[in-house]
Structure formats: structure tokens, C-alpha cells
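To start, the structure under review is shown below, and the notes come after it.
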Amino acid sequence: MQVQNLKTQITTLIDSDFLVEKKLQAICNYLKSEIAYYDWVGFYFKNGNKNELKLAQYAGEPTDHIIIPFGKGICGQVAVSNNNFVVQDVSEQENYISCGWKVKSEIVFPIFVNEKNVGQIDIDSHTVNPFTEKDEELLEFICAKVSQILA
Ligand code: SME
């Protein structure tokens, strides 16, 4: 993974004149097309004042999981823990919401605005054990950049 090049491209997208929604969609599309083992890339955000997440922009197959209650699944756990969650093998997770048998691993990073957890980026992969420190570096960078345009 060419982290530096990916960061540069993401920065160009973030600094573009697009509306926020279009930037987030472009990030999803870009990551899915550039990284072979990123099979689904999406953003979930806190749904108003409810303790649940709502799906926003995504790239990949449509999912039934538009709304995810806090605490449920990998996404719902990140909404309450405020921590990155790297799942190299979803079959080892009990609190997991399946988006289909093809998904083998998942990585979720929270997005903070003014120190509040407002949402997250969620990536599903059809490969077991695909994620490295480079993914974590890239996704932390993206979450920080997205935080700036949401603030
Ligand atoms: N697998 C997630 C649900 C969302 S989908 O991956 C799009 C979870 O366990 O929270």
C-alpha cells in the first residue's frame, strides 16, 4: 500500500470545492477502487440525538444495515468505546452484524469533532487477516481530515 500517495489523493479530495457529501462519497469510491482488499467502504454517523448510527455514503454492495444501535456489532461497539476496532477474522467475533457470507474481516475507525465521537469509517474485506499498520495509519489520517470538514 502506497500510504503517502493515498494520503495525497485524499487531501486533494478533501480540499476540493465539492460539497461535504460528495467528498465523502468520493473517498469511499477512491478507497474501494485503489485498495484491492477493501470490498465495502462506508461512513456511519450518529443519527440525530438517538443512540444509533445511520449509514451515510458508501461504495460496494447495498447493505440492510442502515441503522445500527449503539453497542451492536463492530460499528455499534466503536460508537461507545471511541476506539479503533480491527477485526482480522469476523468469525471470531460474537458481537458482529454480518453483511453477507463473503465478508471475512472488518476495520472501523471513529471520527471525532470537538472530541465527540460523531461517526466512523467502516471497511469490510473478503480477505482474512488483510490489515496492517499501514491501513491504520491511512484510516487515522482520513478520519482526522474528515473531522475538519465536518466541524
Ligand atoms: N459488520 C458491521 C455492520 C455494518 S456492515 O459491515 C456494512 C458490524 O458488525 O457492525
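The values are calculated or read from the model by the stated rules, or taken from the named source; none is laboratory data. On a predicted model such as this, the values are computed, not experimentally measured, just so you know. Backbone-built Cβ (ideal geometry, glycine too); neighbour counts: all protein chains shown. When the accessible area is computed, the model is the full protein with side chains, heavy atoms only, and any ligands, DNA or RNA have been set aside. Shrake-Rupley method; radii C 1.70, N 1.55, O 1.52, S 1.80 Å.
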Which of Val108, Ile121, Gln93 sits closest to the plus end of the dipole of the range 81-151, meaning its Cα is farthest towards the positive end, when Lys and Arg get +1 and Asp and Glu get -1 on the C-beta? Ile121
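Name the chymotrypsin sites (Phe, Trp or Tyr not before Pro) in the range 41-138 that are in a loop by DSSP and that have at most 12 other C-beta atoms within 10 Å, would you?
Trp101
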First compute the accessible area of the chain with a 1.4 Å probe, then give the percent of it belonging to carbon and sulfur atoms. 47 percent
Rounded to the nearest 500, what is the 222 nm mean residue ellipticity of the chain from helices alone, with -39500 (n - 2.57) per DSSP H run of 4+ residues and division by all residues? -11500 deg cm²/dmol
Please compute the per residue accessible area over the range 4-141 with all protein chains in place, 1.4 Å probe, rounded to a whole number of Å². 52 Å²
Sorted from largest down, what three extents in whole angstroms do the Cα atoms of the range 53-151 have along their principal axes? 37, 29, 24
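Is there a pair in Lys46/Lys104; Lys54/Lys134; Lys7/Lys54; Lys7/Lys102; Lys22/Lys145 whose C-alpha atoms are over 21 Å apart, and which pairs would that be?
Beyond 21 Å between Cα atoms: Lys46/Lys104; Lys54/Lys134; Lys7/Lys54; Lys7/Lys102.
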Which value, in debye to the nearest 20, gives the size of the charge dipole of the range 3-150 about its Cα centre, when Lys and Arg are +1 and Asp and Glu are -1 at the Cβ? 420 debye
From the Cα centre of the range 76-90 to that of the range 46-63, the distance in Å is 15 Å
